[in-house]
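Participant: My questions all concern the structure below.
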Amino acid sequence: MSMPLFNHSALTDVVEALREDLIQKDGPRISTMRNYRFAILCYDPAEEFNLRNEVRRLTDELRQHGWHVLSINLQKLLLDRITAQGEEWAESMIKMEKALFNNDPARGLQYLKDRVGPLIEGPDGIASDCSKIISEFVEANPEKKDRTVAMIGRAGALYPFYRSSALLKHLDGNTENVPVVLLYPGERQGPTGLSFMGVLNADSDYRPRIYS
């Protein structure tokens, strides 16, 4: 009998473990490092809709405990950056990708990576958008800072243009010390290795606590 590709605990159990570590009298315990308040919730991409339901439940529970949950949608941020390039830019990119794909699917995909990648990579890319959302909220609600957690989701929209390890790298030091949980569609491999969408080679450059 073949083994399942994704060897996860039950999703509800994983979310419950995260909830217990977030709701602590002395503050979140999602990290063993005082100034590195990041965590990753790793889940099977096939469970995306179940994950959203669980996160909604978790959000309700956190709010009942006096927390503010700041939801950050990576798909929306990606589309916002593409839209900002203008309709003509997007139409031209789509037309070229289709032409290349008809001759060689790999070339079509690489073309998209070459065009979309620069829009979201680096410290001034999509990580800066996440940081801005958190910083603007804290600036507008300073009294809520110590009871705020940011949930970054819809990461699958960035596949295959971007690695989430780069997102966390550029967010480090730019979140006003607000705890951040990245909802990660992928596969855990070893203590610190994660394969984005269960397809890309595992990236072991992860410092946050991983819930899976």
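Participant: Can we say LYS169 is under 25 Å from LYS25 (Cβ atoms), surrounded by fewer than 18 Cβ atoms within 10 Å (Cβ to Cβ) and not acidic (Asp, Glu)?
Facilitator: The answer is no for LYS169.
Participant: From the residues in segment 142-161 that are over 11 Å from HIS68 (Cα atoms), in contact (Cβ under 8 Å) with a residue 40 or more places away in the chain and more than 10 Å from the chain's Cα centre (by Cα), which one is surrounded by the most Cβ atoms within 10 Å (Cβ to Cβ)?
Facilitator: The selected residue is PHE161.
Participant: In segment 134-141, is there at least one residue being among the hydroxyl-bearing types (Ser, Thr, Tyr), surrounded by 12 or more Cβ atoms within 10 Å (Cβ to Cβ) and in contact (Cβ under 8 Å) with a residue 24 or more places away in the chain?
Facilitator: Yes: one or more hits.
Participant: Also, I was wondering about something else. Which residue is nearest to the chain's Cα centre (by Cα), if the candidates are limited to segment 64-110 and must be closer than 30 Å to LEU22 by Cβ and of a type in the set (Val, Ile, Thr)?
Facilitator: In this case the residue turns out to be ILE72.
Participant: Follow-up. Go through segment 177-203 and give me each residue that's surrounded by fewer than 17 Cβ atoms within 10 Å (Cβ to Cβ) and modelled with pLDDT of 85 or more.
Facilitator: ASN177
The values are calculated or read from the model by the stated rules, or taken from the named source; none is laboratory data. Just so we're clear, the structure is a prediction, and the values are computed from it rather than from any experiment. Here the Cβ is made from the backbone with ideal geometry for all residues, glycine too, and neighbour counts use every protein chain on show.
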